[in-house]
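**Q** Structure below; questions to follow.
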Amino acid sequence: MPKDINRNDVQRLVANGAQLVEVLPADEYSEAHLPNAINIPLKKLDQQSVKPLDLARPVITYCHDFQ
Amino acid sequence: MSSRAAWRLESLGFSPVYRYAAGKRDWFAFGLPMEGEFASIPKAIDVVRREVPTCHLKDRVGEVYKRCQEVGWQVCLVVNKANIVLGRLRREAWQADPEAPVEQVMENGPTTFRPDNFLEPLIKRMREKKVGTVIITDSDGVLIGILYRKDGEGRLQRDQPTDEIEGSHASRNQNGDS
């Protein structure tokens, strides 16, 4: 079950190798995103689009805010 | 949206999966790094002055005034132990009884802005409201510093493209000639 985390957790997990995924549309990602985040829009999230991700490392999803 | 994405990733075999629920709005409002097209746009955090005088609710006005005078400030921000902004002392406050506690004379809940606010619209708003300084806090209300309008104007002036400056000179010259 996915767990909700805050920004301190994000910083700690990323420092330990977690992968950041912004799930907003590409144009919103292009404007501004967290450092080293990759973009996989929710509507395109499937087996093919997740190939850049490492299955062995934790993943953190985020969007704009509490949407 | 990020919740559904997290569940979908889990269904695709990823574990553990986390959701940063507050998202990038929270991240940037906290003054943390940004990548992307907006990263190079000047923001409040680029010109904020961090060394600002602060005091606590129970401090005495006279003692706070003395401390501010020593460092050349007319304004003092009232914070709690967590450095969260509770109030502001302006020039008028210095006329109060020196023995009065700060909380009796402070301006309660002054307006604050976030470090990721774009500088240009913020400075425009400050000009319109005839405001010389604004307080910058993170999204939790923790003090970051004070932004001076003149600092922001200076930064925007420096960032103005050369051709734009030349264009405006040309325009002025043209007007002068006509």
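**Q** Hey, among the residues in the stretch A:38-67 that are acidic (Asp, Glu) and without any contact (Cβ under 8 Å) to a residue 12 or more places away in the chain, which one's farthest from the other protein chains (Cβ to nearest Cβ)?
**A** If we take residues in the stretch A:38-67 being acidic (Asp, Glu) and without any contact (Cβ under 8 Å) to a residue 12 or more places away in the chain, then A:ASP46 is farthest from the other protein chains (Cβ to nearest Cβ).
**Q** Of all residues in the stretch B:63-85, which are in contact (Cβ under 8 Å) with a residue 60 or more places away in the chain and under 16 Å from B:ARG49 (Cα atoms)?
**A** B:VAL75, B:LEU77, B:ASN83
**Q** Exactly one condition in (1) polar (S, T, N, Q); (2) within 17 Å of B:LEU12 (Cβ to Cβ); (3) loosely packed, with under 15 Cβ neighbours inside 10 Å is false for A:THR61; which is it?
**A** (3)
**Q** For the stretch A:2-33, how many residues meet the condition of being more than 20 Å from B:PHE30 (Cβ to Cβ), within 8 Å of chain B (Cβ to nearest Cβ) and more than 13 Å from the chain's Cα centre (by Cα)?
**A** 2
**Q** Further, regarding this structure: Residues that are out of contact with any helix residue (DSSP H, G or I) (no Cβ under 9 Å at 6 or more places or on another chain) and either under 17 Å from A:TYR29 (Cβ atoms) or within 7 Å of chain A (Cβ to nearest Cβ) (or both): find the helices (runs of 4 or more DSSP H) completely inside the stretch B:1-58 holding 1 or more of those.
**A** Working: elements: B:2-11, B:23-29, B:44-47.
Where helices (runs of 4 or more DSSP H) fall fully within the stretch B:1-58 and carry at least 1 residues being out of contact with any helix residue (DSSP H, G or I) (no Cβ under 9 Å at 6 or more places or on another chain) and either under 17 Å from A:TYR29 (Cβ atoms) or within 7 Å of chain A (Cβ to nearest Cβ) (or both), they are B:2-11, B:23-29.
**Q** In addition: In the stretch B:128-156, what count of residues is obtained for those that are among the small types (Gly, Ala, Ser), under 25 Å from B:ARG25 (Cα atoms) and part of a helix (DSSP H, G or I)?
**A** Summing the residues that are among the small types (Gly, Ala, Ser), under 25 Å from B:ARG25 (Cα atoms) and part of a helix (DSSP H, G or I) in the stretch B:128-156 gives 1.
**Q** Then there is this: Within the stretch B:69-94, restricting attention to residues that are farther than 19 Å from B:PHE30 by Cβ and at pLDDT 95 or above, which residue is surrounded by the fewest Cβ atoms within 10 Å (Cβ to Cβ)?
**A** The selected residue is B:LYS81.
The values are calculated or read from the model by the stated rules, or taken from the named source; none is laboratory data. Everything quoted here is computed from the prediction, not taken from an experiment. Note: ideal-geometry Cβ built from the backbone for every residue, glycine included; neighbour counts use all protein chains shown.
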